[in-house]
Amino acid sequence: IDCESFTPVKKAVSDEFVLGWTGSAATFGFIKSLFPIIDQLGKAYNLKLVLVGCGQQTIELDNVEVKIEPWTLENEREIVPQFDIGLFNLTNTEWDRARGGGKLFVYMACGVPFITPDIGIGKQVYNESKAGVLVDEDKWKDALEVLIKNTELRVKLSAKARKYAVENYSHKASV
């Protein structure tokens, strides 16, 4: 990942909490499956869901503001660092266990802690970096609440994510 272009930003203090996802229309189903959980959490927390590249025009949740952005390299570089948590979801199928984890690398380069299921590349990146939260398929609500409530943990994971990306996934680290 280009850690010179994908960088963290200092976030403004806000009572709004940004959950984010970047992907494509082909991978939209992974994030869509989390909408009921995110919407339920929106009853208790001031959440905003930002989706980059989902291929949808509109998405409405009852309790959470949803912002849809088209995927461009520039959008990804500008928007992802604003996330408080990066979401990465898969289903437990042979195909999904073999998928790549490009969005995890983007989140980490931007200093965004991630939540990933205990499956495939997500599990591998988590085990190597410890820069996020590993979640069982039925424990997403709990994992999200832990990171929403615990600013200190998010800050720690953010620093760990950035450091690991620079040291292991950056262009400089791979030459």
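The values are calculated or read from the model by the stated rules, or taken from the named source; none is laboratory data. Remember, predicted model here, so these are calculated numbers, not experimental data. Cβ placement follows ideal geometry from the backbone for every residue including glycine, while neighbour counts extend to all protein chains displayed. Heads up: the accessible areas ignore ligands, DNA and RNA and are worked out on the full protein's heavy atoms, side chains in. Shrake-Rupley method; radii C 1.70, N 1.55, O 1.52, S 1.80 Å.
When you scan segment 62-73, do you find a residue that is open to solvent by less than 10 Å² (accessible area, probe 1.4 Å) and part of a helix (DSSP H, G or I), even just one?
No, there is no match, as no residue in segment 62-73 is open to solvent by less than 10 Å² (accessible area, probe 1.4 Å) and part of a helix (DSSP H, G or I).
Restricted to segment 33-48, and to residues that are farther than 16 Å from A143 by Cα and touching a residue at least 24 places away in the same chain (Cβ under 8 Å), which residue is surrounded by the most Cβ atoms within 10 Å (Cβ to Cβ)?
Taking segment 33-48 first, the residues farther than 16 Å from A143 by Cα are 43, 46, 48.
Those left that are additionally touching a residue at least 24 places away in the same chain (Cβ under 8 Å): 46, 48.
Numbers: N46: 13, K48: 18.
Checking each candidate, the answer is K48.
Please state which of the following conditions I31 fails to meet, knowing it meets all the rest: (1) part of a loop (DSSP other than H, G, I, E, B); (2) over 16 Å from V112 (Cα atoms); (3) not aromatic (F, W, Y).
(1)
Considering only residues that are in contact (Cβ under 8 Å) with a residue 24 or more places away in the chain and over 11 Å from the mean Cα position of the chain (by Cα), look in segment 123-134 and name the one that is surrounded by the fewest Cβ atoms within 10 Å (Cβ to Cβ).
E128
All but one of (1) of a type in the set (S, T, Y); (2) more than 15 Å from the chain's Cα centre (by Cα); (3) open to solvent by less than 60 Å² (accessible area, probe 1.4 Å) hold for T58; state the number of the condition that does not hold.
(3)
Residues being modelled with pLDDT of 95 or more and among the aliphatic types (A, V, I, L, M): count how many of those fall in segment 108-124.
4
Can K156 be described as open to solvent by 30 Å² or more (accessible area, probe 1.4 Å) and either within 16 Å of the chain's Cα centre (by Cα) or under 17 Å from L19 (Cα atoms) (or both)? Before you say what the answer is, go through the steps one by one.
Values: open to solvent by 30 Å² or more (accessible area, probe 1.4 Å): yes; either within 16 Å of the chain's Cα centre (by Cα) or under 17 Å from L19 (Cα atoms) (or both): yes.
Against the criterion (open to solvent by 30 Å² or more (accessible area, probe 1.4 Å) and either within 16 Å of the chain's Cα centre (by Cα) or under 17 Å from L19 (Cα atoms) (or both)), K156 qualifies.
Considering only residues that are open to solvent by 40 Å² or more (accessible area, probe 1.4 Å) and not in a loop (DSSP other than H, G, I, E, B), look in segment 1-27 and name the one that is modelled with the lowest pLDDT.
Only one residue fits best here, namely A26.
Taking the stated definitions as given, is L90 touching a residue at least 24 places away in the same chain (Cβ under 8 Å) and either surrounded by fewer than 15 Cβ atoms within 10 Å (Cβ to Cβ) or in contact with a Pro (Cβ under 7 Å, 6 or more places away or on another chain) (or both)?
Numbers: touching a residue at least 24 places away in the same chain (Cβ under 8 Å): yes; either surrounded by fewer than 15 Cβ atoms within 10 Å (Cβ to Cβ) or in contact with a Pro (Cβ under 7 Å, 6 or more places away or on another chain) (or both): yes.
So L90 fits the description; yes.
Among the residues of segment 98-118, is there at least one that is open to solvent by 60 Å² or more (accessible area, probe 1.4 Å), closer than 21 Å to K149 by Cα and under 11 Å from the mean Cα position of the chain (by Cα)?
No - not one qualifying residue is present in segment 98-118.
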